[in-house]
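A.B. asks: Please read through the structure below; I'll follow up with questions.
The values are calculated or read from the model by the stated rules, or taken from the named source; none is laboratory data. Here the structure is a predicted model, which means the values were calculated and not measured. Quick reminder, even Gly has a Cβ in these numbers, built from the backbone with ideal geometry, and neighbours come from all protein chains shown.
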């Protein structure tokens, strides 16, 4: 294997990692704060992707960078609004419910997401061409570096930095962390915990929608997108430590590398190294590599 | 984790119900067409699948998201043993159950030791996906295409030969086999072992103090459920005449969960009623793509949020049949630990 091949492999695995992190970020944020492991997160990611697809199509389907970004942001806003509705109708009622039932209830939501996607957009595969600025690839020293990959890696890193900044350096972010640590004490201090929960859900869902919009060109759209990505995101947040943003970031990079090395070592079995790593971590260190289930 | 007590009616009542349902099911081929008879057979198999899951969930308080791996193991074992090795069907059926027991023993030993609650659910899901990928990439098992063209077997002892491929014979065989499995499951619930599991579900710590080896009991019921699940899977192989890796996909693991929750996890007959109801939903929405997911998801949401007793809980509320108070399965006894 040559240096250029290794570089290509590295770029691919980092792309996988950041795509997965974009989905996992909102999932782990909601888990860390509300202690709800949201099975339907992948479903709302998928709805975000389809929404961005429809929006850019209805605006003429031009492949300008501005429209692509606008589609992603609009998908984020739309899914955030959906999140507020879902919070009112479902998540709020899951407070104090057994974990097993929470998992099953959010799985039911995933089914609703998949059903509505099939009803609205049908079963056919759709593909979205990347904007012209992201089409093609750079070839430094014979390594293949698709521009879209660079964009996704950058997007993942930017979202990670912004989220960490928000949670650690801003007032509202610290409020979220405080409530995640001790909702009872926060309530005692006069904080409107319910409102912060709703805001957290909105942010988490916005991240799902945004991820959908940003990744819309990364793979074809089909109703199976939701379950594929939610399992990947589960793996990532388990490896990183559920509820930890930094853990999800590191976990996604780690799993991306494991997956890439696995594909190189046993090319016949795609996806297998991912599940082996996931089961091993769950068995050996269920709290994940970083953290104690909190930030 | 706290929850409702498991509500078995009197065991005598359940034997009568089983006998009546089996008797009625024998007339299905006389009144319904071929396609519906096939669905009826699948309902019997799925009922066993659901009841096995509920041994873990409703009876013992263990949520597994990976039961499909045992179902698929049974189906593939039956297919391979009969097709490749020419083993007669009845021994193959028993061996499939053994395969399910061994596999669930292996998974249970590592998974039950290291994890609980949601972590156990995700861990079993990961194991099942691992199995799904392995099956889909094994040449002997037909990779992604699975094994097709499976023959329905011929049973025979000496002069007495029954060709299960003829007419609706295999349907009758399914009713008998599933009836036996259901009776076995019902019997286990009534044994001291089954009662100890109910204690484990209600309060694992107290059960341990009372001298019940909690982990061993959970492992044993996991293995037992793995065996009955695999037996159900083994019946699918000749019934559908094809086995595919889809059987091991995690979405198949959610089927028994759906049956159980819809029917009522606190009731013995809950998963059976759920399997019937869900099959009806699938049948009625079969022409409209996406509608079955939508309807299933909505039903499940309503059940979890508003009707924790499921359909049987609703029924018993209307008729006042319940013998013991149902309690609220959703309420946590110690409040405040989670938001």
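A.B. asks: Looking at this structure, is residue B:109 within 18 Å of the chain's Cα centre (by Cα) and assigned to a helix (DSSP H, G or I)?
C.D. replies: Numbers: within 18 Å of the chain's Cα centre (by Cα): no; assigned to a helix (DSSP H, G or I): yes.
For residue B:109, the condition - within 18 Å of the chain's Cα centre (by Cα) and assigned to a helix (DSSP H, G or I) - is not met.
A.B. asks: So if I check each of A:80, A:72, which one is touching a helix residue (DSSP H, G or I) at 6+ places or on another chain (Cβ under 6 Å), under 16 Å from residue A:225 (Cβ atoms) and crowded, with 21+ Cβ neighbours inside 10 Å? Spell out how you get there, then give the answer.
C.D. replies: Numbers: A:80 fails: under 16 Å from residue A:225 (Cβ atoms).
Exactly one of A:80, A:72 is touching a helix residue (DSSP H, G or I) at 6+ places or on another chain (Cβ under 6 Å), under 16 Å from residue A:225 (Cβ atoms) and crowded, with 21+ Cβ neighbours inside 10 Å, namely A:72.
A.B. asks: Something else now. Among the residues of segment B:112-131, what is the count of those that are more than 8 Å from every other protein chain (Cβ to nearest Cβ) and either touching a strand residue (DSSP E or B) at 6+ places or on another chain (Cβ under 8 Å) or closer than 17 Å to residue B:215 by Cβ (or both)? Can you show your working first?
C.D. replies: Step one: filter segment B:112-131 for residues more than 8 Å from every other protein chain (Cβ to nearest Cβ), giving B:112-113, B:116, B:120, B:124, B:128, B:131.
Right, trim to either touching a strand residue (DSSP E or B) at 6+ places or on another chain (Cβ under 8 Å) or closer than 17 Å to residue B:215 by Cβ (or both) and you get B:112-113, B:116, B:120, B:124.
Number of matching residues: 5.
A.B. asks: Is one or more of the residues making up segment B:236-251 over 29 Å from residue B:128 (Cα atoms) and touching a helix residue (DSSP H, G or I) at 6+ places or on another chain (Cβ under 8 Å)? Outline the logic, then answer.
C.D. replies: So the first thing to find is which residues in segment B:236-251 are over 29 Å from residue B:128 (Cα atoms), and the list is none.
Checked against the condition, which is being over 29 Å from residue B:128 (Cα atoms) and touching a helix residue (DSSP H, G or I) at 6+ places or on another chain (Cβ under 8 Å), segment B:236-251 yields no hits at all.
A.B. asks: Just the residues that are assigned to a loop (DSSP other than H, G, I, E, B), within 12 Å of another protein chain (Cβ to nearest Cβ) and within 20 Å of residue A:101 (Cα to Cα), please, taken from segment B:267-285. Show your work before the answer.
C.D. replies: Narrowing segment B:267-285 to residues assigned to a loop (DSSP other than H, G, I, E, B): B:268-269, B:285.
Among the residues that remain, those that are also within 12 Å of another protein chain (Cβ to nearest Cβ) are: B:285.
Scanning segment B:267-285 gives no hits.
A.B. asks: Do we have any residue at all in segment A:106-114 that's within 14 Å of another protein chain (Cβ to nearest Cβ) and assigned to a loop (DSSP other than H, G, I, E, B)?
C.D. replies: The initial filter retains those residues of segment A:106-114 that are within 14 Å of another protein chain (Cβ to nearest Cβ), namely A:106-114.
From what is left, the residues that are assigned to a loop (DSSP other than H, G, I, E, B) are none.
Checked segment A:106-114: no residue is within 14 Å of another protein chain (Cβ to nearest Cβ) and assigned to a loop (DSSP other than H, G, I, E, B).
A.B. asks: Would you check if residue B:299 is within 20 Å of the chain's Cα centre (by Cα), within 28 Å of residue A:40 (Cβ to Cβ) and crowded, with 23+ Cβ neighbours inside 10 Å? Can you show your working first?
C.D. replies: On the way: within 20 Å of the chain's Cα centre (by Cα): yes; within 28 Å of residue A:40 (Cβ to Cβ): yes; crowded, with 23+ Cβ neighbours inside 10 Å: no.
It is false that residue B:299 is within 20 Å of the chain's Cα centre (by Cα), within 28 Å of residue A:40 (Cβ to Cβ) and crowded, with 23+ Cβ neighbours inside 10 Å.
A.B. asks: So residue A:191 clears everything in (1) assigned to a helix (DSSP H, G or I); (2) within 14 Å of another protein chain (Cβ to nearest Cβ); (3) touching a helix residue (DSSP H, G or I) at 6+ places or on another chain (Cβ under 8 Å); (4) surrounded by fewer than 17 Cβ atoms within 10 Å (Cβ to Cβ) except one condition, right? Which one?
C.D. replies: In the conditions (1) assigned to a helix (DSSP H, G or I); (2) within 14 Å of another protein chain (Cβ to nearest Cβ); (3) touching a helix residue (DSSP H, G or I) at 6+ places or on another chain (Cβ under 8 Å); (4) surrounded by fewer than 17 Cβ atoms within 10 Å (Cβ to Cβ), residue A:191 misses (1) alone.
A.B. asks: Applying the selection to segment A:36-63, what residues are more than 30 Å from residue A:101 (Cβ to Cβ) and within 20 Å of the chain's Cα centre (by Cα)? Outline the logic, then answer.
C.D. replies: Residues of segment A:36-63 more than 30 Å from residue A:101 (Cβ to Cβ): A:52-63.
Matches in segment A:36-63: A:52, A:53.
This table checks each residue for (1) touching a helix residue (DSSP H, G or I) at 6+ places or on another chain (Cβ under 9 Å); (2) within 14 Å of another protein chain (Cβ to nearest Cβ); (3) buried (at least 19 other Cβ atoms within 10 Å of the Cβ).
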position	(1), (2), (3)
A:2	yes, no, no
A:10	yes, no, no
A:76	yes, no, yes
A:92	yes, yes, no
A:97	yes, yes, yes
A:100	yes, yes, yes
A:104	yes, yes, yes
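A.B. asks: Does residue A:157 satisfy being at pLDDT 95 or above, over 30 Å from residue B:259 (Cβ atoms) and crowded, with 20+ Cβ neighbours inside 10 Å? Break it down stepwise before answering.
C.D. replies: On the way: at pLDDT 95 or above: yes; over 30 Å from residue B:259 (Cβ atoms): yes; crowded, with 20+ Cβ neighbours inside 10 Å: no.
No, not satisfied.
A.B. asks: Of the residues A:256, A:243, A:247, which single one is at positive phi and either outside any helix (DSSP H, G or I) or more than 14 Å from chain B (Cβ to nearest Cβ) (or both)? Steps first, answer last, please.
C.D. replies: Numbers: A:256 fails: at positive phi; A:247 fails: at positive phi.
Checking each option against the conditions leaves just A:243.
A.B. asks: Going residue by residue through segment A:214-226, is there one that turns out to be out of contact with any strand residue (DSSP E or B) (no Cβ under 6 Å at 6 or more places or on another chain), surrounded by fewer than 21 Cβ atoms within 10 Å (Cβ to Cβ) and in a helix (DSSP H, G or I)? Steps first, please.
C.D. replies: Initial filter on segment A:214-226 (out of contact with any strand residue (DSSP E or B) (no Cβ under 6 Å at 6 or more places or on another chain)): A:214-220, A:222-226.
When the remaining residues are screened for being surrounded by fewer than 21 Cβ atoms within 10 Å (Cβ to Cβ), the result is A:218-220, A:222, A:224.
From the residues that got through so far, the ones that are in a helix (DSSP H, G or I) too are none.
No, every residue in segment A:214-226 fails to be out of contact with any strand residue (DSSP E or B) (no Cβ under 6 Å at 6 or more places or on another chain), surrounded by fewer than 21 Cβ atoms within 10 Å (Cβ to Cβ) and in a helix (DSSP H, G or I).
A.B. asks: Do the conditions hold for residue A:225, that is, is it within 20 Å of residue A:47 (Cα to Cα), more than 13 Å from every other protein chain (Cβ to nearest Cβ) and touching a residue at least 60 places away in the same chain (Cβ under 8 Å)? Reasoning before the result, please.
C.D. replies: Values: within 20 Å of residue A:47 (Cα to Cα): yes; more than 13 Å from every other protein chain (Cβ to nearest Cβ): yes; touching a residue at least 60 places away in the same chain (Cβ under 8 Å): yes.
Considered against the rule, which asks whether it is within 20 Å of residue A:47 (Cα to Cα), more than 13 Å from every other protein chain (Cβ to nearest Cβ) and touching a residue at least 60 places away in the same chain (Cβ under 8 Å), residue A:225 comes out as yes.
A.B. asks: Could we say that residue B:134 is over 21 Å from residue A:273 (Cα atoms), surrounded by fewer than 19 Cβ atoms within 10 Å (Cβ to Cβ) and over 22 Å from the mean Cα position of the chain (by Cα) here? Before you say what the answer is, go through the steps one by one.
C.D. replies: On the way: over 21 Å from residue A:273 (Cα atoms): no; surrounded by fewer than 19 Cβ atoms within 10 Å (Cβ to Cβ): yes; over 22 Å from the mean Cα position of the chain (by Cα): yes.
Judged against the criteria, residue B:134 is not a match.
A.B. asks: Next up: Take the residues in segment B:77-111 that are surrounded by 21 or more Cβ atoms within 10 Å (Cβ to Cβ) and within 14 Å of another protein chain (Cβ to nearest Cβ); name whichever of them is modelled with the lowest pLDDT.
C.D. replies: B:111
A.B. asks: Does residue B:38 fit the bill of being surrounded by 18 or more Cβ atoms within 10 Å (Cβ to Cβ), at pLDDT below 95 and away from chain A (no Cβ under 14 Å)? Full working, then the answer.
C.D. replies: Working: surrounded by 18 or more Cβ atoms within 10 Å (Cβ to Cβ): no; at pLDDT below 95: yes; away from chain A (no Cβ under 14 Å): yes.
Taking the combined requirement at face value, the residue does not satisfy it.
A.B. asks: Does residue A:204 satisfy being assigned to a helix (DSSP H, G or I) and surrounded by 24 or more Cβ atoms within 10 Å (Cβ to Cβ)? Let's see the steps before the verdict.
C.D. replies: Working: assigned to a helix (DSSP H, G or I): yes; surrounded by 24 or more Cβ atoms within 10 Å (Cβ to Cβ): yes.
Criteria met by residue A:204.
For every residue, the table says whether it meets (1) part of a helix (DSSP H, G or I); (2) under 15 Å from residue B:55 (Cα atoms).
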site: B:261; (1), (2): yes, yes
site: B:265; (1), (2): no, yes
site: B:287; (1), (2): no, no
site: B:294; (1), (2): yes, no
site: B:312; (1), (2): yes, no
